[in-house]
Amino acid sequence: MDLQAAMQPGVDSVGVIGSGTMGSGIAHVFARAGYSVVLCDVSADALERARKSIGANLSREVKKQKLTEAEAEAALARITCTTERTLLGKVRLAVEAATERFELKRKIFEELDALLPANAILASNTSSISITRLAAVTGRPERVIGMHFFNPVPVMTLVEIIRGLQTAPETYQAVESIARALGKTPVEVNDAPGFVSNRVLMPLINEAAFAVMEGVATAEAVDQVFQLGMAHPMGPLTLADFIGLDVCVDILRVLQEGYGDPKYRPCPLLVRMVDAGWLGRKSGRGFYRYPAEGAPPRAGR
Ligand code: CAA
C-alpha cells in the first residue's frame, strides 16, 4: 500500500487526539494545508477553546496576509471537533498530542490501534517519551512514529520525526512527505529520551532555573544573556513559562529516568513552582506574571 499517495491533502482525513495548545496547533496546520481533520478530546470545553484559538490564529494569519479570509474559513470548516473517538475510524494518520504521561498515551495508542484502519499510521507528538515503547503496545509497531511539532505550531517550521526501533522505512517516508506538505522542514532523529530537541533544551532551562535558585542572577538577567548574547528569540526562562513548567519537569524526569543520569534531575525551584501551581503562561504565573491575555509579562515570581 502506497502510504504517501494515500495521504495527499484533500484525499484523506487525519485525526488529532488532544486539543490543548499543541493539538490545536497541529489541527490548524493540517487544515491549512488542505487535510480534513478530526480533532478529538475527552473535554467538550477544551474543544470549544481549541476551536476559538484556531479561529483566532487563522485570523492572525489573514491579517498578516498569509491567508485570505476565504482560505481561513475553509480551513476552519475542515476541522471537526468531537469527543467521539469512533469518528477517527476512517483516518489514515492519527497524531496523538495528549498530556505527556506514558500510561495515558499507552491507553490512547491501544484504542487507536483497535479503531483505525490496519494501514493507518499512528504518530505521537510526544516531546520525550519512547516511540519504541508506544509502538510495542500496538499490533502495528512498524506504522508507529514520532511527529514532534513545536509551539507555536503554525509558526515554527521544524518537525522532529522520530523513528522507533520498529518503524518501517515507508512509514518514515510517508510522514516526512506529509510534514513537507504542511510546509514544515522534517529532521530525522532516532528514538532516545528527549530526542534531540529536549535532550539539549531541557538541561539549558534547568540550569537557568538553578542559576536563579542559587541567586546567581534574576530570571530577567538570565533571559537577557540569552536574548542579547546568543540572539535567542526568548530567554530560557521565558521559554520555560511558554512551554509550561509542569511540562519541563515531566520531560526532565523522563530524561533522568531514561538515561539514569542525575544531571537531568529537575531543579528544586522548578518542582516547587509546579507544586504551587505556577505553571507559566497558561496559569498566569511562572518566572514571570501574565496579568491578562495579550498583556506584556511583568517581572517577578
Ligand atoms: N498562530 C499563527 N501565527 C502566530 C502564532 C500562532 N499561534 N503565534 C505567533 N504567530 C506569528 C505572528 O503573527 C507573527 O507573524 P509575522 O512574522 O508574519 O509578523 C510571528 O508569528 C511572530 O509573532 P509576534 O510578532 O506576535 O511575536 P514575536 O516576534 O515575539 O514571536 C514567537 C513570538 C514566534 C513565539 C517567538 O518568540 C519565538 O520564536 N519564540 C521561541 C519559541 C520556541 O522556542 N518554541 C519551541 C518551544 S519547545 C516546543 O514546543 C517543544 C517541546 O517539546 C517542549
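The values are calculated or read from the model by the stated rules, or taken from the named source; none is laboratory data. Keep in mind that what you see is a predicted model, and the values were worked out from it rather than measured. All Cβ positions, even for glycine, are placed from backbone atoms using ideal geometry, and neighbour counts span all protein chains on display.
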> Restricting the range 24-53 to residues that are β-branched (V, I, T) and within 16 Å of the ligand (Cβ to nearest atom), which is nearest to E84 (Cα to Cα)?
Replying inline: V37
> So I108 clears everything in (1) more than 16 Å from the ligand (Cβ to nearest atom); (2) without any contact (Cβ under 8 Å) to a residue 60 or more places away in the chain; (3) not charged (D, E, K, R) except one condition, right? Which one?
Replying inline: (2)
> With the range 68-141 as the region, which helices (runs of 4 or more DSSP H) entirely inside it contain at least 1 residues that are among the β-branched types (V, I, T)?
Replying inline: 102-115, 131-136
>> Tally up the residues in the range 241-280 that are part of a helix (DSSP H, G or I) and more than 18 Å from the chain's Cα centre (by Cα), please.
In response: 15
> Among (1) touching a Phe, Trp or Tyr at 6+ places or on another chain (Cβ under 7 Å); (2) in the same structural domain as R133 (by TED's automatic domain parsing); (3) of a type in the set (G, A, S), which single condition is A219 missing?
Replying inline: (2)
> In the list A135, A97, which residue meets the criterion of being hydrophobic (A, V, I, L, M, F, W, C), away from the ligand (no atom under 14 Å from the Cβ) and in the same structural domain as E48 (by TED's automatic domain parsing)?
Replying inline: A135
>> Out of everything in the range 227-240 that is within 11 Å of the ligand (Cβ to nearest atom) and part of a helix (DSSP H, G or I), what residue ends up being surrounded by the fewest Cβ atoms within 10 Å (Cβ to Cβ)?
In response: Q227
> Out of the residues in the range 147-198 that are surrounded by 18 or more Cβ atoms within 10 Å (Cβ to Cβ) and among the charged types (D, E, K, R), which is nearest to the ligand (Cβ to nearest atom)?
Replying inline: E160
> Looking at the range 199-225, which of its residues are over 15 Å from D241 (Cα atoms) and within 12 Å of the ligand (Cβ to nearest atom)?
Replying inline: R199, V200
